[in-house]
1. Given the residues Phe148, Phe137, Phe160, which is the only one that is among the hydrophobic types (A, V, I, L, M, F, W, C), in a loop (DSSP other than H, G, I, E, B) and open to solvent by 10 Å² or more (accessible area, probe 1.4 Å)?
2. Would you check if there is a residue in region 336-358 being part of a helix (DSSP H, G or I), open to solvent by 40 Å² or more (accessible area, probe 1.4 Å) and modelled with pLDDT of 90 or more?
3. Looking at Thr363, is it of a type in the set (S, T, N, Q) and crowded, with 23+ Cβ neighbours inside 10 Å?
4. Output the residues belonging to region 239-254 that are over 16 Å from Ser390 (Cα atoms) and touching a helix residue (DSSP H, G or I) at 6+ places or on another chain (Cβ under 8 Å).
5. Criterion first (open to solvent by 10 Å² or more (accessible area, probe 1.4 Å) and more than 21 Å from Met11 (Cβ to Cβ)) does Phe42 satisfy it?
6. Only residues in region 276-303 that are over 15 Å from Tyr413 (Cβ atoms) count as the first member; pair them with residues that are modelled with pLDDT of 95 or more and open to solvent by 40 Å² or more (accessible area, probe 1.4 Å), Cβ under 8 angstrom, at least 6 apart or cross-chain, and list the lot.
7. With (1) touching a Ser or Thr at 6+ places or on another chain (Cβ under 8 Å); (2) over 21 Å from Thr363 (Cβ atoms) as the list, and Val60 as the residue in question, which single condition is left unmet?
8. Among the residues of region 368-381, which ones are open to solvent by 20 Å² or more (accessible area, probe 1.4 Å) and either within 21 Å of Ser241 (Cα to Cα) or without any contact (Cβ under 8 Å) to a residue 40 or more places away in the chain (or both)?
Amino acid sequence: MNNIKLRLTAMNFLQFAVWGSYLTSMGTYLFNIGLAENIGIFYAMQGIVSLFMPALIGIVADRWIQAQRLLGLCHLLAAAFMVATGYYALNAPTVEFATLFTLYSCSVAFYMPTLGLSNSVAYSSLTKAGLDTVKHFPPIRVWGTVGFICAMWCCDLAGFQASAWQFLQSAAIGIVLGLYSFTMPQCPTNKGGEKKSFAEALGLNAFALFKQKKMALFFIFSILLGVSLQITNGFANPFISDFGQVAQYADTFGVQHANILISLSQVSETLCILLIPFCLRRFGIKKVMLMAMVAWVLRFGLFGLGNPGGGVWMFLLSMIVYGVAFDFFNVSGSLFVDKETDDKIRSSAQGLFIMMTNGIGATIGTLSAQQVINHFVGDATGVARMEGWSHSWLIFAAYALVVAVLFAIMFKYKHEPEKA
């Protein structure tokens, strides 16, 4: 039993280390090669492929190819395209947007489904070993965040956060994980059993939940809050690194090691997961979601007011509140959907929640944020450029505040605290 838990821990560590190698630093690299105006579309692609690729790959895993084998195959394909991305970027005389974006998009298209596949492999392996998934999976999953943080630190300390070597770091980990996945316990397929329709597999039957006013409002606000999810992943590193243009901040720790500073957000995320059960029991979903929305206001606002010098405490506080902003929305929202939906469409409802947040919401958010930053930051330099960044972050904070106020007014949900 301990052996399978260790193996799954290693799998989760590598799963998120692949992502952490470039997710928070890619924006700085794109800025350095003259593609600053395209950062948004690179991050939006993760949301775009999440609208259909996980469902399609999930159908294949359910019907034809065992999940652990498909997990390995997807990681190897994602790594192959990531190798091509890094090789092209390092060797092309001039990096062209179309070529780089195409290679990167192909890699992301095969990576994003692995987030669900790795969970399927873990649940199947734990069940086969006679272990309770609710009890044993969360401690295993935490190591995924640890892997993400370690990959960020490696990228930073190796000097990769402003170069294409971050893609090759990600690919190397992906190849190791792809091969390792083939050694995991076999997962069952449903070749001869009951088969879902294509619409059911895509989760389209869950759209019936929109007939309920409460759930319709919840999913609409999931989109509106999902807008905030990827903004700091895409733009926090370029923003902090940009302070290097201002002499008084050029040699500060934050500018020199932006990825390590940002990694405190993931540390906070890990710790805040532990607060969710208590907060949900004590305050209910509406207040917990409001806490997340206020945390997003602080996350953006503190970026807009802080700096890597005397104002670095604002950056540090912004990293701390990120755990509340991310976890209290994503994890608590998922638990609310699980509680409020019928067993027959529970999986589809979860897929719909992910589609609303990480798909539609995050895609709209990154593309919109790009337009705001292009307008206020643009070709400015020095202090003027940093003022443009400040204006942008404060606009994002104002947006999050408006969403929070509307949610507080419109979303009606009576919570009855559980008795101890």
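The values are calculated or read from the model by the stated rules, or taken from the named source; none is laboratory data. Everything quoted here is computed from the prediction, not taken from an experiment. We place every Cβ from the backbone using ideal geometry, glycine too, and count neighbours over all the protein chains shown. Keep in mind that these areas ignore ligands, DNA and RNA; they rest on the heavy atoms of the full protein, side chains included. Shrake-Rupley method; radii C 1.70, N 1.55, O 1.52, S 1.80 Å.
1. On the way: Phe148 fails: in a loop (DSSP other than H, G, I, E, B); Phe137 fails: in a loop (DSSP other than H, G, I, E, B).
Only one candidate passes the filter, namely Phe160.
2. no
3. Against the criterion (of a type in the set (S, T, N, Q) and crowded, with 23+ Cβ neighbours inside 10 Å), Thr363 qualifies.
4. Ala250, Thr252, Phe253, Gly254
5. Numbers: open to solvent by 10 Å² or more (accessible area, probe 1.4 Å): no; more than 21 Å from Met11 (Cβ to Cβ): yes.
No, not satisfied.
6. Val297/Leu401; Leu298/Leu317; Phe300/Leu394; Gly301/Leu394; Leu302/Leu317
7. The one condition Val60 does not meet is (1).
8. Within region 368-381, the subset open to solvent by 20 Å² or more (accessible area, probe 1.4 Å) is 368, 371-372, 374-376, 378-381.
Within region 368-381, Gln371, Val372, Asn374, His375, Phe376, Gly378, Asp379, Ala380, Thr381 meet the criteria.
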